[in-house]
Each structure stands twice: as structure tokens, then as C-alpha cells.
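Here's the structure we're looking at; comments come further down.
Laboratory data are not the source of any read-out in this text; all were calculated from the coordinates shown. Since the structure is predicted, the reported quantities are computational estimates derived from the model, not experimental observations. Cβ coordinates were reconstructed from backbone atoms using ideal geometry, including for glycine residues, and neighbour counts include every protein chain displayed.
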């Protein structure tokens, strides 16, 4: 159910934040928006406008929105990671080392993140308990993809590369549609956000490792610390294990679970879109914690692994906030100019965060 109580497709649950063990219902909830009318080729202008308005309202209020009937095939979502797992994340690190590079493509192992320099890449991060396989557009010559060999001689299932690239293209199509929807809701030309899109986007197959419940409770490790999305938009396909949490905008430091919704993609706005839209959308602080349940490992309670697929929409090389969202009288400036901070806004700066 959406913010107005009417936009959730029949059969989908009302999605609310749950607080702590007691699961108190809060006023704040994540809307579910049916995107089908916007993608419908019947060209119903009123229906498209209604979807666009709901999308913008959700991103303004909470920074997150569940999108269903989004056009990305569920089979593609399931096939891409399954064709590489368990061999992708179950292989010894030595065998995967050829896929590690000083830029965010290929395999990023536990304790290593996409950082700015090879020296930073060499630094371990004991709190970063996740690993990812990262790919981008096949047309990006600046950061070419780094693939693992497929079976019978390689590590991953036959078709892994094709399934990943296919999913990337479907996510890119959805990204373009979402930007058109936001432009419509903001009264801007249909292609207004095209300047902010690029082949720098990436798709990440992410695995958060099983971890001892005691280490989580003691604060010794975490899966992903609190952060905001640095780019424009992020699409997340969750599996059945919880863990993703968003900070309460009225209670800093208080986080609430974002529960998986079958068949939905979770969309959240990033820093650049918040700044570029002059606050029309919210870039919400979020993190990945541990689910409530545990599994037994050698007689001790552990938090189970979490799998997800994340598609990051990274601004183009020459994009600036003022380029992506030019001035509107109805949306006065809320931020000082930061056009001189080029490394932060270029794709490489964003990817290095």
C-alpha cells in the first residue's frame, strides 16, 4: 500500500517500518508504486502522470519506494546470481584474484571496497563483511568488465556473462523510465535527465557473509555501515533475508527494517539527485544490519548470509547538480554552490566513495 493507501497492486502487503523487537507500527512507511501504467504503450497521459506523481512523492517523503510491474523480468533477476553462485562466492580467494582490479569491476572480496588508489585497496576493513561481483556496460572502454571463465574449464556456470549483461540492460531501461517519470512529475522535458545518465553505471551481485551473532551484538563487525547513496539513483533486488534498514528522518540514529517484497525492486534516491533537485527528493541514510533470526554453526548462533543485486545509476562525466536539475521557481535553491568540487561529482569520484 502506498502513501495514499491506493497505489499498491492487489495482493501486495502493506509495507511499514518495524521498530525493534516489538514491531511497533510507525506513521512512516515505504510506498509501493505500480509502474505498469507508466510503461503501458497505450499512452494514457493521465495514468502516466499519476504514477510519476506517486514516484516523486515517495522519494520526497522517505527516499525509498518499492516499484512493482517494473519491466525487469523476474527470471533475469534470479538467473544472474544463480549462474555464478555458489561457485562465484564459494571459490577460494586465490582462484578469484585475477578478477580483482584497482577500479570497481570484477570481484571485490571481503575487507576490500572500491577505493581511490591501489594503496587504499590494500588496506583491510574488518567491518566490511561483504563481497561483490561488479560489472558495467559492455560499451565502457574506460572501465572494461573483468569476467571469470565459465565452465567446463572455468569457475562459473555457462551463460553467467550473458545473464549478467542482460540484467544490466533491463535495469538500464528501467532507470531511463524512472528518470522520465521524475521529469514528468517535476514539469520538465521528457529527456531532461538524459545528461545525468552514462555508461558508468554498475550492477553488483552482493553477498553479505554469515557472521557470528555475538560479534554483531558486540559491535565488532557490521555488514554495511550507515551511509547515503552518492550517485543519482540505486535499484536493489532483495532476496528473502532481511537486513536493509533506513534511518528515521525525525529520529537520527534510529533505524527501521526495509522488508523484502517479492517481485518488487527497491528504488532509492542518491546524494546527487537530492542536491540537484533542490530537495525535491531525499537521499536517506541507510545501512545493512543483521536479521533477527539466527542459524546454528558448530553449536553457536550465526546471522545468515544475505544476497542482493544492486544497480547504481552514476552521473555522466560532465554532469553537475545544476546540469541535472536546472532552476525552477517552485523549487528554490537549498544548497550552496559546490561546482568547484569536481572529483566528487565525476563518476570516478563517486565510484571511489
(request) Compute the FRET efficiency between residue 221 and residue 176 as 1/(1 + (r/R0)^6), taking r as their Cβ-Cβ distance and R0 = 41 Å, and round to the nearest 0.05. (result) 0.60
(message) Can you sort 216, 146 from fewest to most other Cβ atoms within 10 Å of each residue's own Cβ?
(response) 146, 216
(request) Based on other C-beta atoms within 10 Å, arrange 132, 137 from fewest to most. (result) 137, 132
(message) 7 Å from Cα along Cα→Cβ at both residue 146 and residue 109: what's the point-to-point distance in nm?
(response) 1.2 nm
(request) Evaluate E = 1/(1 + (r/R0)^6) for residue 39 and residue 153, where r is the Cβ-Cβ distance and R0 equals 30 Å; express this FRET efficiency to the nearest 0.05. (result) 0.15
(message) Suppose the chain between residue 194 and residue 239 were pulled fully straight at 0.36 nm per residue; how much longer would it get relative to their current alpha carbon spacing?
(response) 13.1 nm
(message) If neighbour count is taken as other Cβ atoms inside 10 Å, put 67, 285 in order from fewest to most.
(response) 285, 67
(request) Evaluate E = 1/(1 + (r/R0)^6) for residue 251 and residue 139, where r is the Cβ-Cβ distance and R0 equals 41 Å; express this FRET efficiency to the nearest 0.05. (result) 0.40
(message) One quarter of the convex hull surface, Cα atoms only: what value does that give for region 168-288 in nm²?
(response) 8.9 nm²
(request) For region 248-300 and region 157-209, write down the distance between their C-alpha centroids in whole Å. (result) 20 Å
